[in-house]
1. Using Cα centres only, tell me the gap between segment 90-147 and segment 172-207 in whole Å.
2. Dipole magnitude of segment 23-157 about its Cα centre, charges +1 at Lys/Arg Cβ and -1 at Asp/Glu Cβ only, in debye to the nearest 20?
3. Mind listing the phi-derived Karplus ³J(HN,Hα) values for segment 175-182, rounded to whole Hz, using 6.51, -1.76 and 1.60 with θ = phi - 60°, and x for any glycine or proline?
4. Which whole-number value in Å² is the accessible area per residue of segment 44-131, probe 1.4 Å?
5. Residues with amide H under 5 Å of ILE28's amide H, sequence separation 5 or more or different chain, H placed in the peptide plane at 1.01 Å from N; which?
6. Please report the carbon-and-sulfur percent of the accessible area for the chain; probe 1.4 Å, protein heavy atoms only, DNA, RNA and ligands left out.
7. About its Cα centre, what dipole magnitude does the chain give when the only charges are +1 on Lys and Arg Cβ and -1 on Asp and Glu Cβ, stated in debye to the nearest 20?
8. In whole Å, what three semi-axes, largest first, describe the equivalent ellipsoid of the chain built from its Cα gyration tensor (square root of 5 times each eigenvalue)?
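The values are calculated or read from the model by the stated rules, or taken from the named source; none is laboratory data. Since this is a predicted model, take the numbers as computed values, not measurements. Here the Cβ is made from the backbone with ideal geometry for all residues, glycine too, and neighbour counts use every protein chain on show. Note: accessible area is taken over every heavy atom of the protein model, side chains too, but ligands, DNA and RNA are not part of it. Shrake-Rupley method; radii C 1.70, N 1.55, O 1.52, S 1.80 Å.
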Amino acid sequence: MSFFEKLFANKETETGMDSRNIPQHVAIIVDGNGRWANRRGMPRNYGHREGSKNLKKIVKICSEIGVRYLTVYAFSTENWKRPKTEVDALMALLLEYLKNADVELEGENIKIRVIGEKKELSEEIKKEIHKVEESTKNNSGLTLTIALNYGGRDEIVSAVRAIGREIKKGVINPEDIDEKYISQRLYTADIPDPDLIIRTSGEKRISNFLLWQSAYSELWYSDVLWPDFRREHLIQAIRDYQKRNRRYGGI
Ligand code: FPP
């Protein structure tokens, strides 16, 4: 066995993952923070705080494993329906995450991006998004995309409106529109579609997350609540993904 063969063989036996077939883009519907806290007799916001701490750990693990893009569903366009106290607490937590991210992820070479409708966000959050996106934009490691005030249908509606305006101005003809053209008008224009979508907490829904982009994604569900989601669960998801035969509609 050559040195390189040994190197790869060791990597495979240690985690059971095939290091040559790591999903390039993993997207996670982080779910179960509230139930995790309730089970401990604690307020829901305590669960969100633990969920936020866990995200930092999972970002580093993804980066170590060789995942290039990680996208997390932090706040959906529907989450505004929650009680104001919870929405306020979530916004405060997201702000804190964005403020501390570059320091806490220092040395990790992580690029941070936020997708979603920014109009409804506070000026403070918008400022922080701009700051963290600017300060990490030249990093060449994992791209962490935080979906904040994000809705898949909302994203498609915005793209359709933009294209409608282009037609009205005479910039394009309806016949020029193809899948690529639409993809380029989504928030995710510069990142590949997710290979693997994970949802924690036992729910088996896509919940308006990356509707267009998930057309050929592999889905993996776990009963584990997000604050308890560990390295071993991620590895389990990736191993399961590696057993699948992605045919993209072919045979
Ligand atoms: C799901 O738990 C989580 C959310 C609604 C989003 C908040 C996510 C975090 C705080 C994770 C960290 C993310 C960032 C970017 C800081 P839930 O409230 O739906 O749980 P439940 O289904 O048990 O009620």
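1. If you average the Cα positions of each part, the centres end up 21 Å apart.
2. Dipole magnitude for segment 23-157 comes out near 380 debye.
3. Values, residue by residue: 5, 6, 7, 10, 4, 4, 4, 5 Hz.
4. Details: 4480 Å² over 88 residues.
About 51 Å² of surface per residue is accessible.
5. It is THR71, VAL72, TYR73, ILE198, by chain and number.
6. Details: 6810 of 13810 Å².
Answer for the chain is 49 percent, counting heavy atoms of protein chains only.
7. Around 420 debye, computed over the chain.
8. Values: eigenvalues 167, 135, 68 Å².
Gyration-tensor ellipsoid for the chain: 29, 26, 18 Å.
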